[in-house]
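What follows is a short report on a single structure.
Coordinate-derived values only; no laboratory data. Just so we're clear, the structure is a prediction, and the values are computed from it rather than from any experiment. Neighbour counts are summed over all protein chains in view; Cβ atoms, including those assigned to glycine, are modelled from backbone coordinates with ideal geometry.
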Amino acid sequence: GSTIGILGGGQLGRMLSVAAARLGFKTCIFEPSGDCPASHVANFHLQAGYDDTAALERFARSCDVLTFEFENIPTTALDTLQAIRPIHPGRMALATAQDRLAEKTFLQGLGLTTAPFADVTDAGTLDAAIATIGTPAILKTRRMGYDGKGQIRITDPAQAAAAWDAMAGQPAILEGFVDFTHEVSVIAARGLDGAVACFDPGQNVHRDGILHTTTVPATLTPTQRTDAILIAARILNALDYVGVLGVELFVTPNALIVNEIAPRVHNSGHWTQAGCAIDQFEQHIRAIAGWPLGDGSRHSNVTMENLIGADMDRVPQIAATNASLHLYGKPEARPGRKTGHVNRVTGPAA
Ligand code: ATP
Ligand code: MG
Ligand code: MG
């Protein structure tokens, strides 16, 4: 059988490995740290850093097709890999999604609505950006941010200097604050043949900047639901994308505003494990392996809850209910660390 190479060894890599195994593939994980969630279930674990060209080449040669479960892989590593084996999604998707300035510029170029934004390179450009965009606004690092890390809210122009100092010289963008009613996301897939399939949008609730729950169906009018899916499809096609993509949207009375895209399976798509015949992990494996996309239509209403930090203490109680539990085998539960999730089916889809 053929081997799928996955860059990144977290829970997403773990669940991708399980899905790949069900379809008869072997998996090889490339991950710098040793005891990682994916290494417990993958067939092989190549433990090396993304700057280790020889290790990257060995990894690529030992696999038939490559993918990644996190977007902060240096594009130089991707160049090394793609010279040896196909990697999906491709370089353009990765480069666009790992830099908030490139991402928002790309989205606006497609005619989609984003928060107003400006490039911030120093204290002076931040002052100018605040003058244009106004307050409240959010200063975000261009790269490496996740779970709300690397973000500072600015409610008064007088806070600008301190906010820029906190960026510690990292390039940033300033975003206008969007007064949304709620947040939704579309988990979308595109096959090697260009076929597109989107899962039903889910409604997301964050707590302390971290995704807490995703619920399907989301509160959306039929028009909004269609528009959300069309937005995701437009992004997939523009990136010539292969695999699963997460698109986060803010819902306002007048518009759907694109917050960010994730070029991978997405935490807000975990509900598909309980709500669809083919979940996001299998859909991603099918896409990158050149298989036809599977049936992702939703048969059930579901709420997904993340287990974070001390939530692990509730596992015995949850295990005694008819919820489905997914635990990531992380060595220790730290505050803010995602250690598992629970899918609760709340009824058949209408
Ligand atoms: P993720 O873990 O989803 O990758 P992230 O660290 O990349 O998160 P964002 O998605 O940009 O961060 O922001 C996290 C959350 O902060 C959003 O889901 C939203 O609740 C809030 N937020 C971000 N940007 C804005 C904005 N411009 N206006 C209002 N709220 C915002
Ligand atoms: Mg993000
Ligand atoms: Mg986000």
Original post:
Among the residues of region 275-293, which ones are among the acidic types (Asp, Glu) and assigned to a loop (DSSP other than H, G, I, E, B)?
Top reply: Asp279
Original post:
Considering only region 240-251, how many residues are under 16 Å from the mean Cα position of the chain (by Cα), more than 16 Å from ligand 1 (Cβ to nearest atom) and surrounded by fewer than 24 Cβ atoms within 10 Å (Cβ to Cβ)?
Top reply: 0
**OP:** Considering each of Thr214, Thr221, Thr252, Thr226 in turn, give the residue that is within 16 Å of ligand 3 (Cβ to nearest atom) and among the polar types (S, T, N, Q).
**Re:** Thr214
Original post:
Hey, among Trp271, Trp291, which residue is buried (at least 17 other Cβ atoms within 10 Å of the Cβ) and aromatic (Phe, Trp, Tyr)?
Top reply: Trp271
Original post:
Inside region 142-187, can you point out the residues that are within 16 Å of ligand 2 (Cβ to nearest atom) and without any contact (Cβ under 8 Å) to a residue 12 or more places away in the chain?
Top reply: Tyr146
Subject >> Hey, Asn254 more than 16 Å from ligand 2 (Cβ to nearest atom), part of a loop (DSSP other than H, G, I, E, B), surrounded by fewer than 17 Cβ atoms within 10 Å (Cβ to Cβ) and not basic (Lys, Arg) or not >> reply: yes
Subject >> Of all residues in region 104-128 being touching a residue at least 60 places away in the same chain (Cβ under 8 Å) and among the aliphatic types (A, V, I, L, M), the one that is nearest to Ala168 (Cα to Cα) >> reply: Ala115
Original post:
Which residues, taken from region 294-330, are exposed (fewer than 13 other Cβ atoms within 10 Å of the Cβ) and assigned to a helix (DSSP H, G or I)?
Top reply: Ala310, Asp313, Arg314, Pro316, Gln317, Ala319
Subject >> Residue within region 217-232 that is away from ligand 2 (no atom under 13 Å from the Cβ), under 25 Å from Arg142 (Cβ atoms) and part of a helix (DSSP H, G or I) present >> reply: yes
Original post:
For region 302-319, how many residues meet the condition of being closer than 9 Å to Val342 by Cα and in contact (Cβ under 8 Å) with a residue 60 or more places away in the chain?
Top reply: 4
Original post:
Just for strands (runs of 3 or more DSSP E) wholly inside region 109-198: which have at least 1 residues that are surrounded by 14 or more Cβ atoms within 10 Å (Cβ to Cβ) and out of contact with any helix residue (DSSP H, G or I) (no Cβ under 9 Å at 6 or more places or on another chain)?
Top reply: 137-141, 151-154, 182-190
Original post:
Which residue pairs have Cβ atoms under 6 Å apart, sit 6 or more places apart or on different chains, and have a first residue in region 261-272 that is in contact (Cβ under 8 Å) with a residue 60 or more places away in the chain and a second that is assigned to a loop (DSSP other than H, G, I, E, B) and within 11 Å of ligand 1 (Cβ to nearest atom)?
Top reply: Pro263/Glu71
Original post:
Do any residues in region 231-257 that are touching a residue at least 24 places away in the same chain (Cβ under 8 Å) and closer than 20 Å to Glu282 by Cβ have Cβ atoms under 9 Å from those of residues that are among the basic types (Lys, Arg) and within 16 Å of ligand 3 (Cβ to nearest atom), where the two are at least six apart or on different chains, and which pairs are they?
Top reply: Gly243/Arg264; Val244/Arg264; Leu245/Arg264; Gly246/Arg264
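Here is a yes/no grid of residues against (1) in contact with a helix residue (DSSP H, G or I) (Cβ under 6 Å, 6 or more places away or on another chain); (2) in a loop (DSSP other than H, G, I, E, B):
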| position | (1), (2) |
| --- | --- |
| Arg14 | yes, no |
| Ala19 | yes, no |
| Cys28 | no, no |
| Pro32 | no, yes |
| Ser39 | no, no |
| Tyr50 | yes, yes |
| Asp79 | no, no |
